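The values are calculated or read from the model by the stated rules, or taken from the named source; none is laboratory data. Note that this is a predicted model, so its numbers are computed, not measured. Quick reminder, even Gly has a Cβ in these numbers, built from the backbone with ideal geometry, and neighbours come from all protein chains shown.
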Amino acid sequence: MSLSSQNLKSYAYELGFSIVGIIPAAPSPTLAAYYRWLQSGYHAGMGYLARPDRTARRDDLNVILPGIAALVIVGVDYGAAVPDEILTDPRRGRIAAYAWGLDYHDLMTARLEQLAVWLQREGGIEHRVYVDTGAILERSHAQQAGLGFIGKNTMLIRPREGSFFFLGEILLTAEFDTYDTPHRETMCGSCMRCQMACPTDAFPKSYVLDAGRCISYHTIENKGWIPADLRPKFGNWMYGCDVCQDVCPFQRFAPGAQWPELRPSEIDRAAPWLKDALPITEAQFQEQYRGSAIPRIKRARWIRNACIAAGNSGDESLGPLLAALLMDESPLVRGHAAWGVHRLQGRSAQSVIEAALQRETDAVVGAEMRSILVTN
């Protein structure tokens with residue numbers, strides 16, 4: 001017995017999903033390109049992407065769910081109207097639009113599980129739910145389900161809605177009466193806006209992203225030191241980056257978040273003042289961003305990112321706050337604070353960095369400080 005695609009889609013829309021597609025279970029047609037990407041080292045420090053247990057799942061979806069027959073792929077729009085003068089104010093840090101509201105993982109997973117429970121009325125159906133967490137190439141599967149095309153910025157793009165939407169999946173051991181057909185592979189044509197606009201030149205060629213040069217990777221996934229040559233190019237980005245999406249011509253059609261929980265409750269959730277971000281404690285950080293995706297990077301990485309944004313700000317009133325962080329308990333914070341205060345104040349910061357170096361006990365931080373002093 002096959003399930004009704006139309007009935008499932010109708011209920012998915014009732015639950016608030018913006019788009020829905022259904023396809024037979026099969027490996028992604030872009031697997032070979034993905035493995036070439038891994039072999040080129042473009043996954044940077046995300047070693048888990050190349051783990052044998054992860055590649056086995058991508059090669060055969062039955063490893064994830066034995067007897068899998070179909071994938072239901074849904075999308076949810078995000079984003080809100082925040083003035084550019086707020087987002088680009090160098091005195092503020094900037095957060096990628098996807099993280100302005102509550103954590104989409106939690107919001108979507110709850111609704112996907114509700115959809116899966118609704119399917120269980122047929123009985124005997126096994127399922128798995130993923131929201132940006134499973135070892136599957138969800139953008140490729142979404143393209144196969146007709147939900148959009150892959151852009152040169154590697155994002156999934158809907159021609160009339162842009163790319164500001166989340167994806168989630170239900171893997172099922174049930175078949176459907178009808179399936180969706182693939183969208184065109186791309187509609188970018190000769191446009192190169194995303195590649196030309198990227199501050200760090202993170203696209204070695206069209207449709208390929210080098211995570212090792214990506215602001216989003218470094219501000220979120222990178223748990224360690226951000227390469228010094230990239231820091232001046234970060235501008236005021238503190239969590240993620242939207243540049244390659246913002247400049248896309250299709251983005252002008254983006255409808256914005258339909259779920260209120262995905263909109264910022266206040267402007268500071270999109271662009272916090274650096275003067276408030278730099279001295280924040282772990283408890284304050286966790287409380288201020290409670291319920292969002294941001295706390296998972298924890299305070300040290302948050303302030304590391306704020307130090308770079310402050311260094312790029314040109315706002316010398318932030319100098320004392322950066323100098324105070326030279327005594328922070330986190331080596332990661334101390335090292336990036338040294339870079340930030342030097343970037344902001346130049347030679348006038350030499351004495352404060354020299355004093356910090358005298359008491360520094362961490363070899364990596366010490367090397368960072370010495371390299372800064374050499375450039376004076």
For segment 11-60, which residues satisfy the criterion of being aromatic (F, W, Y) and part of a helix (DSSP H, G or I)? Y11, Y13, Y34, Y35, W37, Y48
Taking the options L3, L38, name whichever one is more than 20 Å from V131 (Cα to Cα), surrounded by 18 or more Cβ atoms within 10 Å (Cβ to Cβ) and either in contact with a helix residue (DSSP H, G or I) (Cβ under 8 Å, 6 or more places away or on another chain) or not polar (S, T, N, Q) (or both). L3
If you take the residues of segment 264-278 that are within 17 Å of K298 (Cα to Cα) and out of contact with any helix residue (DSSP H, G or I) (no Cβ under 6 Å at 6 or more places or on another chain), which of them is modelled with the lowest pLDDT? R269
All positions within segment 11-29 that are touching a Lys or Arg at 6+ places or on another chain (Cβ under 9 Å) and either outside the structural domain of D59 (by TED's automatic domain parsing) or without any contact (Cβ under 8 Å) to a residue 40 or more places away in the chain (or both): P27
Taking segment 283-297 only, how many residues are surrounded by fewer than 15 Cβ atoms within 10 Å (Cβ to Cβ) and either among the charged types (D, E, K, R) or out of contact with any Leu (no Cβ under 8 Å at 6 or more places or on another chain) (or both)? 6
Which numbered condition A349 misses (of (1) in contact with a helix residue (DSSP H, G or I) (Cβ under 8 Å, 6 or more places away or on another chain); (2) at pLDDT 95 or above): (2)
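Within the group Y239, Y179, Y207, which residue is closer than 26 Å to L102 by Cα, among the hydroxyl-bearing types (S, T, Y) and not assigned by TED's automatic domain parsing to the domain that holds A337? It would help to see each step written out before you state the result.
Details: Y179 fails: closer than 26 Å to L102 by Cα; Y207 fails: closer than 26 Å to L102 by Cα.
On inspection, the qualifying residue turns out to be Y239.
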Kindly provide the set of residues from segment 161-202 that are over 28 Å from H105 (Cα atoms) and not in a loop (DSSP other than H, G, I, E, B), ordered by number. R193, Q195, M196, A197
Could you tell me how many of the residues in segment 230-257 are free of Cβ contacts under 8 Å to residues at least 60 places away in the same chain, over 16 Å from the mean Cα position of the chain (by Cα) and more than 13 Å from G311 (Cα to Cα)? 2
In segment 217-229, is there at least one residue being closer than 21 Å to W37 by Cα, part of a helix (DSSP H, G or I) and of a type in the set (A, V, I, L, M)? yes
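For Y130, are the conditions met, namely being at pLDDT 95 or above, closer than 17 Å to L65 by Cβ and not assigned by TED's automatic domain parsing to the domain that holds P295?
Working: at pLDDT 95 or above: yes; closer than 17 Å to L65 by Cβ: yes; not assigned by TED's automatic domain parsing to the domain that holds P295: yes.
So Y130 fits the description; yes.
Listed here are the residues, each with its yes/no results for (1) more than 22 Å from the chain's Cα centre (by Cα); (2) within 30 Å of N236 (Cβ to Cβ).
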| position | (1), (2) |
| --- | --- |
| L112 | no, no |
| L119 | yes, no |
| G124 | yes, no |
| T133 | no, yes |
| L171 | yes, no |
| R193 | no, yes |
| D201 | no, yes |
Going through segment 91-145 in order, the residues found to be basic (K, R), surrounded by 20 or more Cβ atoms within 10 Å (Cβ to Cβ) and not in a helix (DSSP H, G or I) are R92, R94
Taking the condition of being within 20 Å of L278 (Cα to Cα) and either of a type in the set (K, R) or crowded, with 22+ Cβ neighbours inside 10 Å (or both), how many residues in segment 203-225 meet it? 4
Could you check R290 against (1) modelled with pLDDT under 95; (2) in contact with a Gly (Cβ under 6 Å, 6 or more places away or on another chain); (3) under 25 Å from T109 (Cβ atoms) and say which number it fails? (2)
